[in-house]
1. Starting from region 62-81, take each residue that is more than 14 Å from residue 109 (Cβ to Cβ) and modelled with pLDDT of 95 or more and list its partners that are of a type in the set (Asp, Glu) and in a strand (DSSP E or B), counting only C-beta distances under 6 angstrom and pairs at least six apart or across chains.
2. Which of the residues belonging to region 338-383 are closer than 27 Å to residue 161 by Cα, assigned to a loop (DSSP other than H, G, I, E, B) and not small (Gly, Ala, Ser)?
3. What residue, among those in region 205-240 that are of a type outside the set (Ser, Thr, Tyr) and part of a loop (DSSP other than H, G, I, E, B), is nearest to residue 381 (Cα to Cα)?
4. What are the residues in region 394-411 that are crowded, with 18+ Cβ neighbours inside 10 Å and either free of Cβ contacts under 8 Å to residues at least 60 places away in the same chain or outside any helix (DSSP H, G or I) (or both), if any?
5. Looking only at residues in region 241-266 that are part of a strand (DSSP E or B) and in contact with a helix residue (DSSP H, G or I) (Cβ under 6 Å, 6 or more places away or on another chain), which one is farthest from residue 465 (Cα to Cα)?
6. Take the conditions of a type in the set (S, T, N, Q), surrounded by 22 or more Cβ atoms within 10 Å (Cβ to Cβ) and at pLDDT 95 or above and apply them to residue 364. Does it pass?
7. Any residue in region 412-419 that is in contact (Cβ under 8 Å) with a residue 60 or more places away in the chain, touching a Phe, Trp or Tyr at 6+ places or on another chain (Cβ under 7 Å) and in a loop (DSSP other than H, G, I, E, B)?
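The values are calculated or read from the model by the stated rules, or taken from the named source; none is laboratory data. None of the values given here were measured: they were computed from a predicted structure. In this analysis, Cβ positions are derived from the backbone assuming ideal geometry, glycine residues included, and neighbour counts consider all displayed protein chains.
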Amino acid sequence: MQWVLELRRLKFCRFQILVSSFQCSAELERRAVSLLPRIQVSSETFTYEQGQLKEIARLALEHASAKGASAAELDLQEGFGQTVTVRRDEVETIEYSRDKGMSVTAYIGERRGHASTSDLNPDAIRTTVEAALSIARLTASDEYAALADPALLATEFPDLDLYHPWSLSIEEAVEMARQGEQAAFDADPRVDNSEGASISAHQGQFVYANSNGFMAGYPSTRQVVSCAVIAGKGDNMQRDAWWSTARAQEDLDALKDVGATAGRRAARRLDARKIDTTTVPVVFEAPLASGLLGHFIAAISGGSLYRQQSFLLDSLGTQVFPDFIQIEELPFLKRGLASGPFDNEGVATHTRAIVKDGIVEGYSLGSYAARKLGMQSTGNAGGSHNLVLQSTGETFESLLKSMGRGLLVTELLGHGTNMVTGDYSRGAAGFWVEDGEIAYPVEEITVAGNLKDMFKSIVAVADDALARTSRQTGSILIESMTIAGD
């Protein structure tokens, strides 16, 4: 018996121990795990305090101005974390990471250049600023290239409760992962193999600053537990997974519950059948329904709109969904996975209705796209902030009852979405539903339609939304879609 151990110093000061799970002994495992505390002793806190990052930012902006920049902006980031994965009751990987860096954009009139570095020493900072300026001097003028409108910058910075460090030793993480994986095996005797159970804990902080006087940042945490297993044997095998993500450890689902859910989901897919090509109602399970919400946001985002690459061009003020559909952006949710008082350009975020009574009330724009469209930034440089599609009140079970006969989609494959036309065609697997009850699993099918038609034909949204994503929606029932099978 032997361990294969690899200790590497990677870019951004990343350390990793890779453990061969098929060749180990308890004694060697104990010795390998004991290496980690020595690495982590000086790594349980950030290298820099917020004040130090702000001082680096101030010096960088001053250097940019001294070297001829008409304006500049930068983003300083630091993060560290650990991930433990157990597979078939053996430690497979233990990974510790620490990284830091700065990206700077320098403007010379209407020309801009961008450069980045992972070295925050003064000489490296100055060199990076000068590199951005050199690039700017070689680029073409762009009348839309500029910092965000100073009048839109955030001036209030509420505590959104985003920072919850998880003091978790490697030994504790290994034991939790083992228990989670075992729960998957215990969930159903047909669960026969595993891709592993994992625990990841990460802390990060940043400072954004620009030459219009904005400088702010904050720390945050993100914790993840997951499990993926395989049920069945031979030609009748199915894989499924489950996970939970949160800012704080106490908001995570217990890893035992995550594992048990993964086990049940894998086992229930066994003996899947093919079905004939047909047109029926379709329910997208909540984890997949959030992808539909993502397609909508992508279609009303600035880059797609000003490039004329969206199936929802000129949709502002138009009816895109049924009148019972409400979609909100909630950037100030406590512990929200996409909460924040300002966007990547320092523009203040706002609670707002993106869709009200089925009508598009607002686009999702950063400063550059807003200028191209003759509009104003909506505080969405870098993405949206906690999108919530409100439930229409049905439970998941009542959603299936109201569907009667049709398809429940629990997995999507491929990337068959045309954002210019809205055409949608994805490989899928799930369950056939008869008389409002799940009848049997199905696979090797394709669900197809057009996103415009799909949005308009939403019948109901269930109340089973998951808090593990920044786009929250329950399962969605669509009146009719084409199912391609045999």
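1. 79/99
2. 341, 343, 344, 345, 349, 350, 351, 365, 378, 380
3. In this case the residue turns out to be 214.
4. 394, 406, 407, 408, 409, 410, 411 - these are the residues of region 394-411 that are crowded, with 18+ Cβ neighbours inside 10 Å and either free of Cβ contacts under 8 Å to residues at least 60 places away in the same chain or outside any helix (DSSP H, G or I) (or both).
5. 241
6. yes
7. yes
Matching residues to (1) touching an Asp or Glu at 6+ places or on another chain (Cβ under 6 Å); (2) within 19 Å of residue 48 (Cβ to Cβ):
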{"position": "112", "(1), (2)": "no, no"}
{"position": "120", "(1), (2)": "no, yes"}
{"position": "124", "(1), (2)": "no, yes"}
{"position": "175", "(1), (2)": "no, no"}
{"position": "194", "(1), (2)": "yes, no"}
{"position": "201", "(1), (2)": "no, no"}
